[in-house]
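Taken together, the values in this text are just the output of simple stated rules run on the coordinates, not laboratory data. This is a predicted model, so every value here is computed, not measured. Heads up, the Cβs are rebuilt from the backbone with ideal geometry, glycines too, and the neighbour counts pull from every protein chain shown.
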Amino acid sequence: MDETISIVLFSGTDDKLQSASVMAAGAAALGRPVKILLQYWALDAFRADRINADHGLAPEAGEAGRAAMDAVTRAGGAHWSATMRAAKEIGDVDIQACSASMELLKLKQTDLDSLVDGIEGVASFFINAGEGQILFI
Amino acid sequence: MDETISIVLFSGTDDKLQSASVMAAGAAALGRPVKILLQYWALDAFRADRINADHGLAPEAGEAGRAAMDAVTRAGGAHWSATMRAAKEIGDVDIQACSASMELLKLKQTDLDSLVDGIEGVASFFINAGEGQILFI
Amino acid sequence: MDETISIVLFSGTDDKLQSASVMAAGAAALGRPVKILLQYWALDAFRADRINADHGLAPEAGEAGRAAMDAVTRAGGAHWSATMRAAKEIGDVDIQACSASMELLKLKQTDLDSLVDGIEGVASFFINAGEGQILFI
């Protein structure tokens, strides 16, 4: 199994971004190429000036979920952006900003964190995904 | 690559519906068959009498996200339903209402927009997906 | 087609848990192995002491969606946990708790409903998924 794992990363809450980062790191550790397309609110979360800001959680997290996430942070748990950076060091993880979402949010690549490798459209994303799995997060 | 791309479309907010429509159009433009199963709140959004209504956005969009989406609309950007209609003209895009969700929402096919081609169950959806990718949106 | 269908089950609202359960049952009925990895709020929803509690709905369900779901319950519709139990009786459905989410929520396996077969990490999940489809719900 050396098929690419592709992720359309749409959601911009810290819990889903963390889940995506852990899966990217896990797949990279297995030697699988990982390709991520950032759309909408996930793209917004990769802005250089706010990648470490509080991006909230899924509504069902509730107060107990919020407290559990905060406890991990206080205990020195890695931020999802650090996990994503580690994933890129471990293996072949490519992160592209979706061109349509760049226009929607009026962003230039210089507005984005250096984790983002470039800008591409949906058709290129599908072509690069090949026959590998695609997750929408 | 001429494998089908299948989408379980569950979410009923305009941002996710737009993302799904753009991906359906992109896959169709590549000549790939696209099969969409409408469930729950996405199915509700395809009701003939409210497909163009405001279906809201994911909670993390916030005010800035709302403003960005509205700016696109004011500038004449295509509604997701128009993008989905274009996808059906470009290629082989089949949209089915999930039979269980039809019962849940007490809908008949005549209640739905003409974009919807029929009604099917989850087992048929999996059979039609074959070995192609499946996204849950 | 006897490829595994894998599901990363992240969301903890009753509508998405129901959708996941129906898809697991549908895939199992087709004779396909199903592997589910419980993360974050979905894992929280499988706690033995609250699996049948009200876990809310996606925000876009609104009051009409809430009423539709309640009407099904009053009419004797199966809870998603019952559908998941049936899926395990029909076929080969394996449910694992994500080890990272177990730590996040400070849970032990004895805190979880008996539907959960064990605990595993993301890398094992990807290995077990093989070349089959993966859905993120």
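Couple of notes before you dig in:
- Calculated label separations, C:A82, copies of the chain, 7 Å along the beta-carbon direction, nm: 4.7, 4.7
- Spin-label pair B:D2/C:A67, simplified geometry with 7 Å Cα→Cβ offset, distance in nm: 4.9 nm
- Using a 7 Å Cα-to-Cβ projection, C:A123 label spacings across copies, nm, ascending: 3.9, 3.9
- At R0 = 35 Å, FRET efficiency that the Cβ-Cβ distance of C:K108 and B:N52 yields, to 0.05: 0.10
- Each 10 Å bin, from zero up to the one with the longest distance, holds this percent of the alpha carbon pairs of the protein assembly as shown: 5, 23, 36, 28, 9, 0.
- Between the amide H of C:I7 and those of C:K35, C:I36, C:L37, C:L135, distances stay under 5 Å, these residues lying 5 or more places away or on another chain, with hydrogens modeled in the peptide plane.
- For the stretch A:2-137, dividing the convex hull volume of the Cα atoms by the residue count gives 103 Å³ per residue.
- Centroid-to-centroid separation of the stretch A:56-104 and the stretch A:3-25 [C-alpha atoms, Å]: 8 Å
- Among C:V122, C:V72, C:V22, the largest mean-square fluctuation in a Gaussian network model of chain C, built with springs joining Cα atoms closer than 10 Å, belongs to C:V72.
- Angle of helix A:80-90 to the longest C-alpha principal axis of chain A, folded into 0 to 90 degrees and rounded to 10: 40°.
- Averaged over the residues of peptide B:110-122, the number of Cβ atoms from other protein chains lying within 10 Å of each residue's Cβ is 1.
- Mean Cα-pair separation over length for chain C, i.e. relative contact order, pairs under 8 Å, 6 or more apart, %: 40 percent
- Backbone amide hydrogens, once placed in the peptide plane, bring B:A58 within less than 5 Å of B:D15, B:K16, excluding anything fewer than 5 places away on its chain.
- Against chain B, whose longest principal axis comes from its Cα atoms, helix B:62-74 is set at around 80 degrees.
- A DSSP coil position with no more than 15 other Cβ atoms inside 10 Å describes the following trypsin sites (Lys or Arg not before Pro) in the stretch C:20-60: C:R50.
- Whole-Hz couplings from phi, Karplus 6.51/-1.76/1.60, listed for the stretch C:110-124; x for Gly and Pro: 5, 7, 9, 4, 5, 4, 7, 8, x, 10, 8, x, 5, 5, 4
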